[in-house]
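Some notes on the structure that comes next.
The values are calculated or read from the model by the stated rules, or taken from the named source; none is laboratory data. Note that this is a predicted model, so its numbers are computed, not measured. Here Cβ is always computed from backbone atoms with ideal geometry, including for glycine, and neighbour counts include all displayed protein chains.
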Amino acid sequence: MGTDQEFEAEIDRLAALQEFDRTLKERVDRVDVLSAAADECEAKLNKRRETVGQLTAQREALEKQRKEMDQRLEVDGGRMRDNRMRMSRVKTDRELMAIQREIDLGKEAKAHLEEEMLVVMETLERIAVQLLEEGAVLAELEEKAAVQIVAPRSEASELSEGLDDAKARREELASAIDRGLRGKYEQIFRVRGGTAVVEARSGVCTGCRMSLPPQLFNELQRYREVRQCPSCHRIIFFRQQLDESA
Ligand SMILES: [Zn+2]
């Protein structure tokens, strides 16, 4: 009968579309996984680069500060020597007191500066240790970048190549199928992650392995139309020859 043949042809088209969609989905999913993995590694690498950059900038600023302190100590030291020399030449007590006060203030300033410098030196030492550690981790990440970032990216771009053509081909296959059936199929395919059309065999839905109500199975055999499994809602159909051989 013509209708039976038409029905078989429609099921074949649907099965072919599902096969194509599965391959396409696998490919798209793989591209997503590869891209996500590469992105994650790159984000880690960038974060580490940023940390090392920040530490390096911090070190440079502190080095500069240290140099300025060194120069200030030197200048202050010279002034102290001058003051001590002047002391030997003073004529009045008033002058002596003024110089003594300057010397005292100078000593105080020097002690304060040395204290500040100690903090700077300690911070520099700590940063040097951090830089060594962070630098080692960064070097390791940079070394792995080829494998963890470049390779997956290039694999993803290879897989993406021709994807538009494949999608166009997919639309071609889909357009040959009844619009209502196709809409239902696409919805189930999305929800069921790639298995939307299954055979009903020996009274069982091969998608979820649940027994079908006998009435439904009878109707499937008699009317040769697509129905939905009451358990998993997948599109089910019945094929005479397969059931007979089973
Ligand atoms: Zn089912």
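For the range 216-226, state whether one or more residues are part of a loop (DSSP other than H, G, I, E, B), near the ligand (Cβ under 10 Å from one of its atoms) and not charged (D, E, K, R). Scanning the range 216-226 turns up no residue that is part of a loop (DSSP other than H, G, I, E, B), near the ligand (Cβ under 10 Å from one of its atoms) and not charged (D, E, K, R).
Filtering the range 156-167 to residues that are closer than 19 Å to residue 16 by Cβ and surrounded by fewer than 11 Cβ atoms within 10 Å (Cβ to Cβ) leaves only 165. Restricting 90, 137 to residues that are closer than 30 Å to residue 37 by Cβ, surrounded by 11 or more Cβ atoms within 10 Å (Cβ to Cβ), assigned by TED's automatic domain parsing to the domain that holds residue 59 and β-branched (Val, Ile, Thr) narrows the list to 137. Restricted to the range 185-207, and to residues there that are among the charged types (D, E, K, R) and within 14 Å of the ligand (Cβ to nearest atom), the residue that is farthest from the chain's Cα centre (by Cα) is 201. Could you tell me whether the range 169-183 includes any residue that is within 16 Å of the ligand (Cβ to nearest atom), of a type outside the set (Val, Ile, Thr), in a helix (DSSP H, G or I) and at negative phi? No. What number of residues within the range 40-90 satisfy the criterion of being free of Cβ contacts under 8 Å to residues at least 40 places away in the same chain and either in contact with a strand residue (DSSP E or B) (Cβ under 8 Å, 6 or more places away or on another chain) or not charged (D, E, K, R) (or both)? Qualifying residue count for the region: 16.
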